[in-house]
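Take a look at the structure set out below.
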Amino acid sequence: MGRTWLERLNYVLVLLLCLAPAAWLVWRTVQGDLGANPIETLIRQLGVWGLRLLIAGLCITPLARIFKKPRFIRFRRPVGLFAFGYILTHLSTYIGIDQYFDWHAIWKDIVKRPYITIGMLGFTLLLPLALTSFNAAIRKIGPKTWRRIHSLIYLIVPLGVTHYYLLVKADHRPPLIYGAIVALLLGWRVAAKWWPVAARAPRPSVQP
Ligand code: HEM
């Protein structure tokens, strides 16, 4: 079925929305407006936007089912890939700008700091999802394997929230709020098992 101009416009709007925080961060960097500790601000902003987009990706299937809009599913791939892009940049900033590629120090951090261990685990698990988010890969592995690989997201997002919870020193409310939203979204999926309309397994959205 061909896509209408409105569907195309919605798709472009979603892409622009995903891109907006990155554009804002680039702008603030150019303006020298990242506060007293620009590297920390950059890492934190990239991390939190990565997490927000992962959570936004988890919202798409419930919204599509609840509002009976199966076309919403096509937003899952760009939102997920943007989340990966933010998290990859988050990790690269930490490795290149914060640690100056000091692999020894980075390895020590991974082993000694539980929040880094958990972040690294989350990122490692995200890799197969990103690599199988292209039409050619989806066709090659088939929908069953694709589904199995992509169900890792139910582990990755809680790992991201745990990473956040462990690294905050004073106010634990923000990671707890993200955690509550994730619990609700995962709870919906468990409930959906008993709800025939919502029970269909996720499918890859192969686009022409
Ligand atoms: C699924 C993967 C990941 C997610 C969702 C994620 C998310 C986050 C979030 C939400 C924050 C806090 C932002 C804030 O305070 O507003 C953060 C901070 C941070 N993350 Fe990640 N992260 C991930 C992976 C990683 C990895 C792989 C590393 C490095 C090996 C890493 C290193 C850091 C560091 C150094 C901070 C800042 C800590 C500080 O300023 O004290 N993260 N991340």
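The values are calculated or read from the model by the stated rules, or taken from the named source; none is laboratory data. This is a predicted model, so every value here is computed, not measured. Every residue, glycine as well, gets a Cβ built from its backbone with ideal geometry; the counts of neighbours run over all protein chains shown. Areas reflect the complete protein model, heavy atoms only, side chains present, ligands, DNA and RNA absent. Shrake-Rupley method; radii C 1.70, N 1.55, O 1.52, S 1.80 Å.
Over all distinct Cα-Cα pairs of the chain, the Kirkwood formula returns a hydrodynamic radius of 18.5 Å. The residues packed around LEU15, meaning those with a beta-carbon under 15 Å from its beta-carbon, carry a net charge of +4 if Lys and Arg are +1 and Asp and Glu are -1. Calculated mean residue ellipticity at 222 nm for the chain: -25000 deg cm²/dmol, from DSSP H runs with n ≥ 4 weighted as -39500 (n - 2.57), summed, divided by the residue count and rounded to 500. Potential lengthening of the chain between ILE181 and SER92 amounts to 29.3 nm, from the contour at 0.36 nm per residue minus the alpha-carbon distance. Checking the cross-link pairs LYS69/LYS193; LYS140/LYS193; LYS69/LYS169; LYS108/LYS144 against a 30 Å limit on the alpha carbon distance flags LYS69/LYS169; LYS108/LYS144 as lying beyond it. When the charge dipole of the range 82-208 is built from unit charges on Cβ atoms (+1 for Lys and Arg, -1 for Asp and Glu) and taken about the Cα centre, the candidate among PRO204, SER133, ILE87 whose Cα reaches farthest toward its positive end is PRO204. For the range 5-192, the solvent-accessible area with a 1.4 angstrom probe is 58 square angstrom per residue.
Projecting the Cα positions of ILE66, ILE39, TYR100 onto the charge dipole of the range 5-192 (unit charges on Cβ atoms of Lys, Arg, Asp and Glu, taken about the Cα centre) puts ILE66 furthest along the positive direction. How much of the accessible area of the chain, probe 1.4 Å, is carbon plus sulfur, in whole percent? Of the solvent-accessible surface of the chain, carbon and sulfur hold 70 percent. Note on the range 1-89: with charges restricted to the Cβ of Lys and Arg (+1) and Asp and Glu (-1), its dipole about the Cα centre is near 640 debye. Charge tally around ILE110: other residues with Cβ under 15 Å, Lys/Arg +1 each, Asp/Glu -1 each, net 0. Note on the range 5-70: Kirkwood radius taken over Cα pairs, Stokes-Einstein applied at 4 °C and 1.567 mPa s, translational D equal to 93 µm² s⁻¹.
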